[in-house]
Amino acid sequence: MTEVLARRDRALTPEETEKLLRDRLGDGITGSTVEFATFTLHVAPGSWHAAAALCRDEQLLAYDMFDNLLGVDAREDGFDVVAVLYSTSTGNRICLRTRCDGGRDNPVCDSITDIYRGADWMERETWDMFGIEFVGHPGLEPRILTVENFEGWPLRKDFHLTSRVAKPWPGVAEPAELDEDGQVIERVPQIGDAPGPYDLDKAMAAQAKAINAPEVDELEEGADEPESSGSADDGGDEPEPELDQETFDKLIAEGKSERIARSKAKAAFIKKKRAARAAVAADADAAEGAPPDADFEEFEAVDHAVDAEIETTASPDREGDLAKNAAAKAEERRKAQAEARARK
């Protein structure tokens, strides 16, 4: 533990590291980049194993900790392998990157499991996902991220996820993509396409958001209602299902999937609930005496006539008259509203 970061003040810079490795490996170092605070050294395929060994054994570098290893699909250029190493004494981190021999048909790279034992499992994962053969690895099989009889390499850019019917994904196969009527959506995949989001995904997300988002009126009603004293556990009434059972049963009888039927039944439930709330609001407006449009002019004329009559009968006692006038005006308005409702 005393060696951890003990030589951090003497850690080499990326430029010094590249110069040291070029002096030892010559043309085996093809370039370097520093991006996002990460130093990447590009290594020729034939010098891959030697570069990893030098990074571990050279005292000025001392990359004694294996961090990660992964594959990269470079499309028509083939495949790359990237190994991330760390020095516990200097705190430096380096990425070694090489282009595999063999192109896309038969990518091959030397294994570094004899240098870093931690590379064993990650080289197996890279082979399982990209099909890169690691020469010298103690045993790449059996596959560990897919099933043993799986065909293809899932992380290659030319591997179509929509072809799972021919090459099933490990575990339960995903259901076919359906539209809102339950019909299978046929799509022509293109190389490099990522699956979704499709219009159906967006529509279903919007529908779910509309159904699950509580409305302001519902929140206000819930604030005024007392909490229920019963529950499912203590024998209380069961909560009302948040879907229209009639619509649900009808769609199931028509052969729709349960997911489609439940979604449409929820939408129907919300529509009926809003319609009932609108009807209650309309009845409340009628009870308050809101005049129909056809009687509005007559109602307004009566209101103005009452105002005029009150003005002509006002007495010198201004404050008292104001109170009496207000009461008389309110009484006349109530009578006019009652007559308007009776005519309606």
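Observations
- Of residues in region 57-108 being under 21 Å from W121 (Cβ atoms) and acidic (D, E), the one farthest from the chain's Cα centre (by Cα): D64
- Residue check for L41: within 14 Å of E58 (Cβ to Cβ), without any contact (Cβ under 8 Å) to a residue 60 or more places away in the chain and more than 44 Å from the chain's Cα centre (by Cα): no
- Those residues of region 128-139 which are buried (at least 20 other Cβ atoms within 10 Å of the Cβ) and more than 33 Å from the chain's Cα centre (by Cα), in sequence order: F134
For every residue, the table says whether it meets (1) assigned by TED's automatic domain parsing to the domain that holds T17; (2) at pLDDT 95 or above.
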position: V81; (1), (2): yes, yes
position: V84; (1), (2): yes, yes
position: S87; (1), (2): yes, no
position: G91; (1), (2): yes, no
position: L96; (1), (2): yes, yes
position: G102; (1), (2): yes, no
position: E123; (1), (2): yes, yes
position: G131; (1), (2): yes, no
position: P154; (1), (2): no, no
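- Residue count for region 50-64 satisfying the condition of being touching a residue at least 60 places away in the same chain (Cβ under 8 Å) and closer than 16 Å to D80 by Cβ: 1.
- Residue-level check: of (1) assigned to a helix (DSSP H, G or I); (2) of a type in the set (A, V, I, L, M); (3) in contact with a His (Cβ under 7 Å, 6 or more places away or on another chain), I112 misses just (1).
- Region 97-130, residues that are in contact (Cβ under 8 Å) with a residue 40 or more places away in the chain, farther than 17 Å from D67 by Cβ and out of contact with any helix residue (DSSP H, G or I) (no Cβ under 9 Å at 6 or more places or on another chain): M129, F130
Results for (1) surrounded by 19 or more Cβ atoms within 10 Å (Cβ to Cβ); (2) under 30 Å from R8 (Cβ atoms); (3) in the same structural domain as G46 (by TED's automatic domain parsing); (4) modelled with pLDDT under 90, shown as yes or no for each residue.
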| residue | (1), (2), (3), (4) |
| --- | --- |
| Y63 | yes, yes, yes, no |
| V72 | no, no, yes, no |
| T126 | yes, no, yes, no |
| E148 | no, no, no, yes |
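The values are calculated or read from the model by the stated rules, or taken from the named source; none is laboratory data. Just so it is clear, the model here is predicted, and its values are computed rather than measured. Ideal geometry is used to build each Cβ from the backbone, glycine not excepted, and the neighbour counts take in all protein chains shown.
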